[in-house]
Amino acid sequence: MNMQHKFEMGRGVNAEAVLRTMEKADDKRRIAVKLLRAANRDLVERHPKDARWYCLQIVTGREFAVEKLLAEADVTTLLPTERVIKVRFDRKFETDRVFFPGYLLVRCVPSPMAFHALRKVKYVIDIVGDESRYHVVADEDVRLFEKVAEGIEPPRVTTDKTFADGDRAKIVSGPFAGFSCLVLQVKWSRMAKAKVRIDLKNRSFDIESMPLAFLEKL
């Protein structure tokens, strides 16, 4: 019995199977990058007037992984984060938290191939929108979040303190501006937020931390 076979018998590891799995993962990655050429920065720079910002719905917790893969494919992205203080083992430390968990902004020239490629990226659930069209994020709202990404706090807006669970509201600022939503849970804190649900045709999008300042009660 040779050394490799002893290793496989003793550890339950099949080196060839592991290698095939790694090669398959690399192949999928290369295919994804190739498909994403339809959504890359080069097309945006060549056709700036046609380029638009869209919002991807991501598996929560995988936002940075998707951002990295899109960066490798030279796709323009924006993942705003906020600096927060956490406590662990009675010690405080600062860390970055995604401003809208489960969502990532991308800029591309719209086309069926570009949308297909973006939806095929690992951990991407879909593109925010309905069956008739995808939601376009206004440039002014993107500029606001670029400032957030640079560590500049957004302008303070008076919060409606009468908001309660079950209220209907219109989103008036941020990447989801223009949608109506249902307030599922109000979370009062220094920057009051709420869990909301956007209902579209046969689809819904839950947002865990929508600033109340971005909402207008209906």
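Every read-out reported here was derived from the displayed coordinates using simple, explicitly stated rules and does not represent laboratory data. Not measured: the values here are computed from a predicted model. Glycine gets a Cβ as well: all are built from the backbone with ideal geometry, and neighbour counts include every protein chain shown.
Label separation (PHE93 vs SER180): 4.6 nm, computed from points 7 Å beyond Cα along the C-beta direction.
For LEU104, the residues 5 or more places off, or on other chains, whose built amide H falls under 5 Å of its own are LEU56, ILE58.
Quick one: of LYS49/LYS161; LYS122/LYS195; LYS92/LYS193, which pairs are farther than 29 Å apart, Cα to Cα?
LYS49/LYS161, as the Cα separations exceed 29 Å there.
State the percent of C-alpha pairs, over all pairs in the stretch 67-109, separated by a distance greater than 11 angstrom. Distances greater than 11 Å cover 70 percent of the Cα pairs.
If you sort the three axes of the alpha carbon gyration tensor as a ≥ b ≥ c, you get a/c of 1.5 or more for the stretch 61-218 and a/b no higher than b/c, which makes it oblate.
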